[in-house]
Amino acid sequence: MNILAELRARFTAALATLTDDPGPFAAMVRPAQDAKFGDFQANCAMPLAKQLGKPPRDVAQEIVAALKVADLCAPAEVAGPGFINLRLRDDWLQSTVNRTVGDGQLGVEPLAQPRRYVVDFSSPNVAKPMHVGHLRSTVIGDALVRILRALGHSVVSDNHIGDWGTQFGMIIYGYKHFLDAAAYKRAPVAELARLYRLVNTLSEYHEARNALPELEATLATRQKAVVDCESQADLDPKQKKKQLKKLRSDFTAAEDNLTSARKKIADVEGDPQLKTAADAHPNIARGARDETAKLHAGDEENLRLWNEFVPQCLAALEKIYQRLEIRFDLALGESHYQPQLATVVENLKSDGLATESDGALCVFVEGNKAPLIVRKTDGAFTYGTTDLATIAYRETELKADAILYVVDARQSEHFDLLFATARKWGYGDTEFKHVSFGTVMGEDGRPFKTRAGDSVGLESLLDEAVAAARRVVDENDDAKRDQHDQPAPELDEQARQAVAEVVGIGGIKYADLRHNRESDYIFSWDKMLAKNGDTATYMQYAYARICGIFRKGDVDRESLRDRTDAIRLTKPAERALALQLCRFPDALAAVAEDYRPNMLTQYLFETANVLSTFYEQCPVLKAEDEATRTSRLLLVDLTGRIIEHGLSLLGFPFPKQM
Ligand code: ARG
């Protein structure tokens, strides 16, 4: 049972006697911050009192008088300026937790109105190395898919891979001019990645050289603006300070741009081979664009190459997905929608939505600065056109009620425009949601890079995580051997590596999921693998300790669960643990509310902490009598099931030993 939702529903009914719009006030029922105030608290009397022009305590009393919760709660109490405190009845909690023991769904009830979700996540651009941002999308998206399914929704996961973009022009250009045939034969994907990087480096070199005069001029202008402002005597000092701050930051930005351009130039000019290639290909960016255009126009040779490259790149991606234990229902990719793009644009035109602007075809939407370009001046369709065709497909073929896009926050403008356009286009009933996420930063405060430094290649990131985990596993296992004076460690080489794989990959996933997805966060290897704190390792240890209790007591968990109504809540720590366990459905619902997996990691972390307190205060195997022992074993078992299930919903594998 979803306790919080139930209480909010009861409040909605009670509040309806006082206001026409009870929803927002009912939403103010929350778990209590401090157990001494009860289990739940509602702060809605204060804002409602303001609206009604009555004293808040009186309003609180009125709400309490209308509130029908006697079956669930002890009588509600009004405290302080008008807080309403609720405490669940002990007998209710006890019977609820006992019922959960026999429930395969762990308290999660079927939904009255399940929805059809399409979750668009991971979505890397093939042939370009996947980076850490794609890892975030992959991990968050996968967790959301699993959690929405566990809640009873119908979910289609779709990897919207970028398999038709300009990177192919770059690779095809590279292939035609710079191919190392032997390397391609040996490791095709690595060679394609090299070609991509090479063409990109050379294009950027020419671009930087062309831009240099302007960048220098901009820097000079901005420097002058700072100097001028500094020497202005008649300006209000506060005003001046503000202006200077802005001008200096503009100056720094110009300086950064120039530095980055100079670096691009120096990198090529410092390498004779690169310099020769750059000189031989002065119009390389143009050449790459032409190759893309030819591909899109159906050029035979380029299509053949595309057909050769894509499967190899997909196979390389698949290797990463396997390691991460992630599967998709669909991976249609951008190329899938190409046949429909012309029709999409024609429809937009005939609906009067798309208009010509500077030779391009655009959809202007009120409230947005830029339009959504659906056909460029050169006739090429865009990322946005493809996304519109994708929406049409997901609506008509996949029957989506909601489409989630798990994509970097830097694309928010694109999605704002896209959703607004889609609504105008007739998809007003669908929920569109950009499940955006921030950037992963390194400990130096800059976007995260692997130790190798060059790119944030995913593969090497995973390897690094596993290697770091391996060091911890070795240390632990060696320590155990020394502690118990054993001749050999418990785990052999193979077992150690298997545990390291699980701990390393789990650690990366968890570190990502536990943060509020919208914030940038600083990634730290030490924190990721710390045994204490909100980490995967801590959760895995908590779980391993639970398993240890049953092993040590030689208790069969399965048959234990046949004991109905055996949990008895007598001590506060037992009650606190039972309450926490009964909140599991609430935690899943909280994730779905705004698509935030960290609501689940937070819940699991709290659960592990409540369990620790329980262990301190309530001996389990050495409980005072048989009935208490059984009751506590059942509580511990249920905690283990919830942690295991919760972590599996976050995409976690489990090591048998730690
Ligand atoms: N391929 C894009 C990128 O790597 C992300 C695609 C997200 N999905 C979408 N339907 N636009 O930036």
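The values are calculated or read from the model by the stated rules, or taken from the named source; none is laboratory data. Values in this document were obtained by computation on a predicted structure and should not be read as measured data. Note that we place each Cβ from the backbone using ideal geometry, even for glycine, and neighbour counts take in every protein chain shown.
To keep it simple, each residue is scored yes or no on (1) buried (at least 17 other Cβ atoms within 10 Å of the Cβ); (2) modelled with pLDDT of 95 or more; (3) more than 12 Å from the ligand (Cβ to nearest atom).
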| residue | (1), (2), (3) |
| --- | --- |
| Gly384 | yes, yes, no |
| Leu388 | yes, yes, no |
| Ala392 | yes, yes, yes |
| Glu395 | yes, yes, yes |
| Lys399 | no, yes, yes |
| Ile403 | yes, yes, no |
| Val407 | yes, yes, no |
| Arg410 | no, no, no |
For the structure I just gave you, tell me whether His134 is within 12 Å of the ligand (Cβ to nearest atom), part of a helix (DSSP H, G or I) and farther than 22 Å from Val268 by Cβ.
yes
Does Gln167 meet the test of being over 30 Å from Thr564 (Cα atoms), at pLDDT below 95, more than 16 Å from the ligand (Cβ to nearest atom) and within 27 Å of the chain's Cα centre (by Cα)?
no
When residues of the range 353-377 are filtered for being out of contact with any strand residue (DSSP E or B) (no Cβ under 9 Å at 6 or more places or on another chain) and more than 15 Å from Arg423 (Cβ to Cβ), how many remain?
3
Return a yes/no flag: does the range 144-153 have any residue that is surrounded by 24 or more Cβ atoms within 10 Å (Cβ to Cβ), within 16 Å of the ligand (Cβ to nearest atom) and touching a residue at least 60 places away in the same chain (Cβ under 8 Å).
yes
Out of curiosity, is Ala150 touching a helix residue (DSSP H, G or I) at 6+ places or on another chain (Cβ under 8 Å), under 22 Å from Ile320 (Cα atoms) and of a type in the set (A, V, I, L, M)?
no
Would you mention how many residues in the range 154-164 are in a strand (DSSP E or B) and more than 9 Å from the ligand (Cβ to nearest atom)?
4
Residue ranges of helices (runs of 4 or more DSSP H) in the range 278-384 with at least 2 members within 29 Å of the chain's Cα centre (by Cα):
300-324
Residues that are closer than 11 Å to Val97 by Cα: find the helices (runs of 4 or more DSSP H) completely inside the range 523-588 holding 2 or more of those.
572-582
Within the range 412-422, of all residues that are more than 9 Å from the ligand (Cβ to nearest atom) and over 20 Å from Ile140 (Cα atoms), the one surrounded by the most Cβ atoms within 10 Å (Cβ to Cβ) is Thr421
Every residue from the range 262-308 that is at pLDDT below 95 and among the β-branched types (Val, Ile, Thr)
Thr292
Given the conditions (1) modelled with pLDDT of 95 or more; (2) assigned to a loop (DSSP other than H, G, I, E, B), and given that Pro129 satisfies all but one, which numbered condition is not satisfied?
(1)
Is there a residue being of a type in the set (Gly, Ala, Ser), more than 16 Å from the ligand (Cβ to nearest atom) and farther than 27 Å from Pro129 by Cβ anywhere in the range 273-280?
no
Any residue at all in the range 171-194 that is touching a strand residue (DSSP E or B) at 6+ places or on another chain (Cβ under 6 Å), more than 30 Å from Gly107 (Cα to Cα) and within 16 Å of the ligand (Cβ to nearest atom)?
no
Do you know which residues across the range 556-569 are farther than 15 Å from Gly640 by Cα and either in contact (Cβ under 8 Å) with a residue 12 or more places away in the chain or surrounded by 18 or more Cβ atoms within 10 Å (Cβ to Cβ) (or both)?
Arg563, Thr564, Asp565, Ala566, Ile567, Arg568, Leu569
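Here is a yes/no grid of residues against (1) within 17 Å of Ala280 (Cα to Cα); (2) of a type in the set (D, E, K, R); (3) exposed (fewer than 15 other Cβ atoms within 10 Å of the Cβ):
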residue: Gly162; (1), (2), (3): no, no, no
residue: Ala181; (1), (2), (3): no, no, yes
residue: Glu191; (1), (2), (3): no, yes, no
residue: Tyr205; (1), (2), (3): yes, no, no
residue: Ala208; (1), (2), (3): yes, no, no
residue: Val227; (1), (2), (3): no, no, yes
residue: Ser231; (1), (2), (3): no, no, yes
Among the residues of the range 616-627, how many are surrounded by fewer than 19 Cβ atoms within 10 Å (Cβ to Cβ) and touching a residue at least 60 places away in the same chain (Cβ under 8 Å)?
2
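To keep it simple, each residue is scored yes or no on (1) at pLDDT below 95; (2) under 32 Å from the mean Cα position of the chain (by Cα); (3) among the polar types (S, T, N, Q).
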position: Leu4; (1), (2), (3): no, yes, no
position: Thr17; (1), (2), (3): yes, no, yes
position: Gln33; (1), (2), (3): yes, yes, yes
position: Ala74; (1), (2), (3): no, no, no
position: Asp90; (1), (2), (3): no, no, no
Considering only the range 362-396, how many residues are more than 17 Å from Thr292 (Cβ to Cβ) and aromatic (Phe, Trp, Tyr)?
2
The residue that is surrounded by the most Cβ atoms within 10 Å (Cβ to Cβ), considering only those in the range 481-504 that are part of a loop (DSSP other than H, G, I, E, B) and free of Cβ contacts under 8 Å to residues at least 24 places away in the same chain, is Pro489
Scan the range 418-447 for residues that are among the acidic types (Asp, Glu) and over 17 Å from Arg394 (Cβ atoms) and report the count.
2
Only one of (1) closer than 17 Å to Glu459 by Cβ; (2) out of contact with any strand residue (DSSP E or B) (no Cβ under 7 Å at 6 or more places or on another chain) is not met by Arg136, so which one is it?
(2)
Please work out which one of (1) part of a helix (DSSP H, G or I); (2) within 33 Å of the chain's Cα centre (by Cα) is the condition Lys245 fails and give its number.
(2)
Whether any residue in the range 102-123 is in a loop (DSSP other than H, G, I, E, B), surrounded by 24 or more Cβ atoms within 10 Å (Cβ to Cβ) and near the ligand (Cβ under 9 Å from one of its atoms) is what I want to check.
yes
Of the conditions (1) of a type in the set (D, E, K, R); (2) touching a residue at least 60 places away in the same chain (Cβ under 8 Å); (3) out of contact with any helix residue (DSSP H, G or I) (no Cβ under 9 Å at 6 or more places or on another chain), Asp267 satisfies every one except a single condition; which number is it?
(3)
Of the residues in the range 39-63, those that are closer than 16 Å to Arg8 by Cβ and in contact (Cβ under 8 Å) with a residue 24 or more places away in the chain come to Asp39, Phe40, Gln41, Ala42, Asn43, Cys44, Ala45, Leu48, Ile63
